[in-house]
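Asker: My structure is below; once you've seen it, I'll send some questions.
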Amino acid sequence: MAKKVLVGMSGGVDSAACVLLLQKQGYAVSGVTLRLHHYKDRPGTCGSADDIEEAARVAAQMGISHRVLDLCDLFRREVMGHFVSEYYAGRTPNPCLDCNRELKFGAMLDWALDHGFDYVSTGHYARVGFDAASGRHLLLRGVDAHKDQSYVLYQMTQRQLAHLLLPVGEYSKPEIRALAADFGLENAQKPDSQDICFVPDGDYVRFLREFGGVTPEPGDFVDTSGRVLGRHRGLVAYTAGQRKGLGVSADRPLYVLSKDAKHNTVLLGDDAELFSSALLASRVNWIITPPAEPLRVTAKTRYSQRESAATVTPLDGGAVRVDFDEPQRAITAGQAVVFYRGDVVAGGATIDKAL
């Protein structure tokens, strides 16, 4: 009997192509779309009614069943709520990481296994492997280096990887669009989504105020000597590396270096001061066998960043220190640092601070 796979369908071309590839491989495929919002005036928002309707049409075109799993409450609590609390604490979170951990490969996988499915699958550009020597399931980069999404999947557990199929990761984006076009799918040329789904206009301050009840508290811009340079609009309006919108007069370009939630200050300085050679991180997730000694890796601290050679040193309490061979720009608390060993994602962690 064919193995059963539940495919998370977003209404986009990648998840649709995922269905086609799995069908070619002989799996019994069903589709599911996660309802994340009840918005009615934001077409194209991930998990919205618009996406659900498009996913249902595409599923019908491919001859598979389609269902909707309502995770609005979980999304509001674990993703939107965490986004608010992190910004309030002076950090800059990546909500896609929380969504993958708690919803796509948390609640969706639990539902699938409870309802007789063998695997779940998504349209992520990454791959799954297995290391017989260690007996561990592996997360690998996608073949298309320009689309590789392994960074946002670094929190995967062994249980999740054991029940995950990622066929799209074996192809390039043009190949995926061509596959969908050859089948006649209506979404073959649908543009990729770019913005955070619950902040489609990019106005984080308004979202934090309206959803989280966060009232930005003005404070001081200061330099490294403690000299006051001006007034800021509230910590939530700024992130490390930011230059535009500061409203500070100076004889040279100034950038946000860091934020101090305790004193409600934003530290400004030169671009050169944005570079750090090390960081501390916690909430570590190892996909390979957790190392007991310092480990040589390549690492990056943002999704779109180029990796750099580094050494990861395990610390007491489950944290790590990461020392880079070359200084890195704008290391930001709340973002993820992800470690690679060749094509293998070794693991990752949440950045606490740059050193």
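Asker: Say R0 is 45 Å: what FRET efficiency, to the nearest 0.05, do S225 and T157 get from their beta-carbon distance?
Answerer: Approximately 0.45, to the nearest 0.05.
Asker: Taking N as the number of residues in the chain, what value does Rg over Cα atoms divided by 2.2 N^0.38 Å take?
Answerer: Against the compact-globule rule of thumb, the ratio is 1.05.
Asker: For the chain, modelled as a GNM with alpha-carbon contacts under 10 angstrom, which of G169, G318, G123 fluctuates the most?
Answerer: The residue that fluctuates most here is G318.
Asker: Let me ask something else about it. Which residue, L315, L268, L257, has the most motion in a Gaussian network model of the chain that connects Cα atoms within less than 10 Å?
Answerer: L315
Asker: Shifting gears a bit: Bin width 5 Å, alpha-carbon pairs only: give the P(r) of region 296-355 as whole percents, running from 0 to the bin holding the largest distance.
Answerer: All Cα pairs, binned at 5 Å, distribute as 4, 19, 34, 30, 11, 3, 0 percent.
Asker: A further question follows. Calculate log10 I(q)/I(0) of region 4-183 for q = 0.12, 0.15, 0.19 Å⁻¹, where I(q) comes from the Debye formula with a single equal point scatterer on each Cα and nothing for solvent.
Answerer: -0.56, -0.89, -1.40
Asker: Starting from the amide H of D220, placed 1.01 Å from N in the peptide plane, find each other amide H under 5 Å away whose residue is 5 or more places distant or on another chain.
Answerer: H232, V266
Asker: Could I ask something else about it? So what's the back-of-envelope 222 nm ellipticity for the chain, counting only DSSP H runs of four-plus at -39500 (n - 2.57) apiece and dividing by all residues, rounded to 500?
Answerer: Mean residue ellipticity at 222 nm (helix-derived): -5500 deg cm²/dmol.
Asker: Follow-up. Give me the net charge of F117's neighbourhood, meaning all other residues with Cβ under 12 Å from the Cβ of F117; Lys, Arg count +1, Asp, Glu -1.
Answerer: Here the charged neighbours net out to 0.
Asker: In debye, nearest 20, what is the charge dipole magnitude of the chain about its Cα centre with +1 on Lys and Arg Cβ and -1 on Asp and Glu Cβ, if you could check?
Answerer: With Lys and Arg at +1 and Asp and Glu at -1, about 120 debye.
Asker: Right, something else. So which residue, out of R35, R231, R321, gets the largest mean-square fluctuation from a GNM of the chain using Cα contacts under 10 Å as springs?
Answerer: Maximum among the listed residues: R231.
Asker: Another question, if that's okay. So for region 216-269, Kirkwood radius off the Cα pairs, Stokes-Einstein at 25 °C and 0.890 mPa s: how many µm² s⁻¹?
Answerer: 227 µm²/s
Taken together, the values in this text are just the output of simple stated rules run on the coordinates, not laboratory data. Remember, it's a predicted structure, so these values are computed and weren't measured experimentally. With ideal geometry, Cβ positions are generated from the backbone for all residues, glycine too; neighbour counts draw on all protein chains shown.
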